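Below you'll find the structure, written out as structure tokens, and then a few comments.
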Amino acid sequence: MRHLTELALPGSLIGVVAGAMAGGLTLLAGQPAGWAAVSALALALALGLLGTGYSMLLGHGLFRPGVFAPAGLYWLAGFPLARLFQETVTGLTIHGQIYLPGGVGGFLAYQAIVSLGFAIGFIWLHERLMPHWLMRLKGNPKARELLATYVVHAESMWTAKERRRAQVRAQRAQSRAQRGAR
């Protein structure tokens, strides 16, 4: 269990920071400091837990580096629930009631649309932080296994990029040869 818990840190931190930043944006939008603090705390908690879950599922091999669709589906469900939790906690704490613009269905539908952007940002950041974190976990066999997956992915991406570059160079050389033959 300790090995999986160590893998969870990058996702957890990304979620917590994203939630805290959203609270800061609430403050910038003109909401009172108490409202912004409760909002930030609730969203940081929810996104931190979901980020932890993402990293642990990645460690179990249910998600793969470089593959967006499963992660996008994860956040399609998770992000609206995190926002629902945030709005519920904030509304109950500040006003003693819950108000969701557009009702629950409309609110969740809108958050599902927004979740795609969040998922792209989360995955992008996670894919940059996780390999560096895995290299630090030398005594963790799960980390070594996951790092090997990242290395295989990076090698395949490099190979594909080099193949495309070679094709472009060959096409340019062919174009120059054809122009010179005229």
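Just so it is clear, none of the values below were taken in a lab; they were calculated from the coordinates. None of these values were measured; they are calculated from a predicted model. Glycine also receives a Cβ, built like all others from the backbone with ideal geometry; neighbour counts cover every protein chain displayed.
Summary table below
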item: When residues of the range 139-158 are limited to those that are crowded, with 16+ Cβ neighbours inside 10 Å and in a helix (DSSP H, G or I), the one farthest from the chain's Cα centre (by Cα); result: K142
item: Cross-chain or 6+ apart pairs with Cβ under 7 Å, the range 85-112 first and among the small types (G, A, S), then not in a helix (DSSP H, G or I); result: G91/Q97; G91/I98; G91/Y99
item: Boolean, K161 is under 20 Å from L4 (Cβ atoms), out of contact with any strand residue (DSSP E or B) (no Cβ under 8 Å at 6 or more places or on another chain) and not aromatic (F, W, Y); result: no
item: Flag for L73 being closer than 20 Å to G15 by Cβ and either in contact with a Gly (Cβ under 6 Å, 6 or more places away or on another chain) or free of Cβ contacts under 8 Å to residues at least 12 places away in the same chain (or both); result: yes
item: From the options R136, R144, R128, residue that is among the charged types (D, E, K, R) and within 23 Å of G72 (Cβ to Cβ); result: R128
